[in-house]
1. Does D219 count as in contact with an Asp or Glu (Cβ under 8 Å, 6 or more places away or on another chain) and surrounded by fewer than 21 Cβ atoms within 10 Å (Cβ to Cβ)?
2. Would you confirm whether any residue within the range 159-179 is in contact with a Ser or Thr (Cβ under 7 Å, 6 or more places away or on another chain), assigned to a loop (DSSP other than H, G, I, E, B) and surrounded by fewer than 20 Cβ atoms within 10 Å (Cβ to Cβ)?
3. For the subset of the range 334-361 comprising residues that are in a loop (DSSP other than H, G, I, E, B) and out of contact with any helix residue (DSSP H, G or I) (no Cβ under 7 Å at 6 or more places or on another chain), which member is surrounded by the most Cβ atoms within 10 Å (Cβ to Cβ)?
4. Take I114 and decide whether it is assigned to a helix (DSSP H, G or I), surrounded by 14 or more Cβ atoms within 10 Å (Cβ to Cβ), in contact with a strand residue (DSSP E or B) (Cβ under 9 Å, 6 or more places away or on another chain) and modelled with pLDDT of 95 or more.
5. Anything in the range 91-111 that is more than 20 Å from the chain's Cα centre (by Cα) and in a helix (DSSP H, G or I)? List them, or say none.
6. From the list F314, F222, F242, F270, exactly one residue is in contact with a helix residue (DSSP H, G or I) (Cβ under 7 Å, 6 or more places away or on another chain) and closer than 26 Å to P183 by Cα. Which is it?
7. Could you check how many residues of the range 213-246 are in a loop (DSSP other than H, G, I, E, B) and more than 20 Å from L258 (Cα to Cα)?
Amino acid sequence: MSGDTDEAHIMNISRRASEISPFYVMELLEKARLMEADGHSVIHMEVGEPGFETPGAIKQEALRALNDGKTFYTHSLGIPELREAVSRHYRDRFRLDVSPARVIITNGSSGAFILLFAALLERGRTLAIADPGYPCYRNIALLTDCTVRRLPVSPDSNYEVLPDQLRGPPAIDALVVANPSNPTGTIYRAGALQALHEQLSARGGVLVVDEIYSGLVYDAPFASSISISEDIVVVSGFSKAFAMTGWRLGWMVVPPGLVRPIQKLAQNLFIAPPSISQYAALAAFDDADGLARMCGLYRERRDFLVPRLRGLGFDVPVKPDGAFYIYAGIERFGMDSMLFVERALAEARVAITPGYDFGSFRAASHVRFSYADRLENLVEGCDRLERWLQGREGS
């Protein structure tokens, strides 16, 4: 009997682990990397990772921290200098007065959600999320044994959760929305988040707004949800707009009453955020021109890809306002989205993400494109998809 079989006999996998869905985009990325290792050229339009290296000033700060021996545990809520820098960021960009005491530095924005859900959710409580929406909200929340309620959103409402959807039962204890959204790139319209907050707070619920893509906003005006109320939780981080995905550093701004409960959880679950990443991030807010250049290139890529995909037959009903994603319908191609992306990778050498990664509502008929990669690669990817799709029609 093989070792794998013996291991399966003695392991009793938890129900929580069994209920968590795969993160399909990462599985596709791993499959694409194997194809590249075998010598194939793959165009990456699947993963939400900036196509830029971390800016040089940030890397220089990391080297300085290494040379200065700053490799030890830091404060569990983050080094004071970085919490103050995040506070200044809200003052300089949004004219908001955010106390550094409310800023918590985390091990990526994923670490923020682990801490937040552990503090707010448990069996008998309900978390609401948009469908389609970022899959890790649900999968992290399942670790708390809470109920997860998916709220279908569509182009008819700009992919926004609407206040009427929050009516129970069951009562919603917390709602997470992304602004700008992943996978649609849309931004909540003026007054929409305030209306959600009023509906939730009247019933004792908490609004959590994921603003990780707030640095990548193109045409629509953007205001941080911190401006609405002190009892809204805002999660953000350095991964996307600052091109720091591998540094695993995020932050959240929380009501004063949540700071101590989250600190106790952080001490036990993470000890502290990564020290070198924190010192490196002290330079992140200093290069406004460099960040604006990156944002401008993303806008250029969006402006190429939206009409190109429409010309290929994809349904793109809403032009993204931010982030670097396009959520596209594939009804005319007559394939389930999982089969579509598998065949696109195998036959066209283009990696894209199935709708199933983002929920169940119309997931079979949608895929997500990322335009984080260079424009020349996006052009080549669309050319490959065009040849592949034309070949299918002619077969």
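The values are calculated or read from the model by the stated rules, or taken from the named source; none is laboratory data. Everything numeric in this text was worked out from a predicted model, so none of it was measured. Reconstructed Cβ throughout: ideal geometry from the backbone, glycine too, with neighbour counts over all protein chains shown.
1. Judged against the criteria, D219 is a match.
2. Yes, the range 159-179 has at least one match.
3. G359
4. Judged against the criteria, I114 is a match.
5. Listed by number, the residues that qualify are R91, D92, R93, F94, P100, A101, R102.
6. Result: F242 is the single residue among F314, F222, F242, F270 that is in contact with a helix residue (DSSP H, G or I) (Cβ under 7 Å, 6 or more places away or on another chain) and closer than 26 Å to P183 by Cα.
7. 17
Residue-wise test of (1) in a helix (DSSP H, G or I); (2) over 14 Å from T54 (Cα atoms); (3) out of contact with any Lys or Arg (no Cβ under 7 Å at 6 or more places or on another chain); (4) not assigned by TED's automatic domain parsing to the domain that holds D210.
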site: M252; (1), (2), (3), (4): no, yes, yes, no
site: L258; (1), (2), (3), (4): yes, yes, yes, no
site: I262; (1), (2), (3), (4): yes, yes, yes, no
site: L265; (1), (2), (3), (4): yes, yes, yes, no
site: N268; (1), (2), (3), (4): yes, yes, yes, no
site: I271; (1), (2), (3), (4): no, yes, yes, no
site: S277; (1), (2), (3), (4): yes, no, no, no
site: R293; (1), (2), (3), (4): yes, no, yes, yes
